[in-house]
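Have a look at the structure below, then the notes.
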Amino acid sequence: MPELPEVETVRRGLAPVLEGRRLARVEARRPDLRFPFPEGFVQRVSGARVMALRRRAKYLLADLDRGETLIAHLGMSGRFRIEGARAPGQFHHPVGDNPRHDHVVFETEDGGRIVYHDPRRFGFMGLAPTADLDRHPWFAGMGPEPLSDAFGGGRLEAAFEGRRQSPKTLLLDQRTVAGLGNIYVCEALHEARISPFRPAGRISRPRLDGLARTVKAVLERAIAAGGSTLRDFSAADGALGYFQHSFRAYDREGEACVNAGCGGVIRRRVQAGRSTFWCPACQR
């Protein structure tokens, strides 16, 4: 599933094509994705102008001039593809795309065409009043953005205090921090040299300060690399992310640890249904 860096990469690719543009025509080619489209979806979006394109956690948010926000989640295999007059000059059409999986088409007033493609249909779209977005069930109770000033060691200390759960489990909890997924939590814990199995409440404040800084640094590097392409992900211009070539721990089972002076080997263990990659020698 695309994580925060992948969704942010998509947002940055779509923003020049959508922000400030009116959606002249919208076509929904089926009644649902993972969930049914909102009632009157096409009519409520057609003719609206996109005032801003934002991201919250792993969601894309298009604020419309009608007081509603179009919410989109990519699910497992969803992606947006830019076509038409405003398509990038070096568009890379993803190999193997089948037109029957093109489920939603947005056409802008100046000839841009944005296609939502989703073979597995685990993605979804919704509409909600912009002013009440924080109270929407998909966002209510969600923690701070990890790249914001609201996220730091103090936030982790408050969330981890007295907790016996692992730091990995709590970092994946969207109430602790929004948008983190398995890949980048594994990477951040490894770089911070914190065991993914240690009781979170026993991690000192200085180490939590370092972990928060590392989370930010890992995400910023991943965004700069266009995210990670493991299976289905590609940016809006069709380009593949390449952060997977910089993984320090994730998917590197049996390889040497890259942390300086370690000499250990990356191991894999299933933790809460997900693969955890870590170095027993230096992650304590």
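The values are calculated or read from the model by the stated rules, or taken from the named source; none is laboratory data. These figures come from a predicted structure and were not determined experimentally. Neighbour counts are summed over all protein chains in view; Cβ atoms, including those assigned to glycine, are modelled from backbone coordinates with ideal geometry.
Key figures
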{"read-out": "Conditions (1) modelled with pLDDT of 95 or more; (2) hydroxyl-bearing (Ser, Thr, Tyr); (3) surrounded by 21 or more Cβ atoms within 10 Å (Cβ to Cβ); (4) outside any strand (DSSP E or B); number of the one not met by Tyr116", "value": "(4)"}
{"read-out": "Qualifying residue in the range 153-176 (condition: without any contact (Cβ under 8 Å) to a residue 40 or more places away in the chain and at positive phi)", "value": "yes"}
{"read-out": "Residues of the range 26-80 classified as in contact with a Phe, Trp or Tyr (Cβ under 8 Å, 6 or more places away or on another chain) and of a type in the set (Lys, Arg), total", "value": "3"}
{"read-out": "Selection within the range 187-207 - buried (at least 24 other Cβ atoms within 10 Å of the Cβ) and under 20 Å from Glu145 (Cβ atoms)", "value": "Glu187, Ala188, Leu189"}
{"read-out": "Filtered residues of the range 14-71 (kept if over 25 Å from the mean Cα position of the chain (by Cα), of a type in the set (Lys, Arg) and in a strand (DSSP E or B))", "value": "Arg22, Arg25"}
{"read-out": "Conditions (1) of a type outside the set (Gly, Ala, Ser); (2) closer than 30 Å to Ile203 by Cβ; (3) in a loop (DSSP other than H, G, I, E, B): number failed by Phe122", "value": "(2)"}
{"read-out": "Positions within the range 208-222 being over 15 Å from Glu145 (Cβ atoms) and touching a helix residue (DSSP H, G or I) at 6+ places or on another chain (Cβ under 6 Å), in sequence order", "value": "Leu208, Asp209, Gly210, Leu211, Thr214"}
{"read-out": "Which listed residue, of Val45, Val50, Val17, is among the β-branched types (Val, Ile, Thr), buried (at least 20 other Cβ atoms within 10 Å of the Cβ) and within 23 Å of Glu3 (Cα to Cα)", "value": "Val17"}
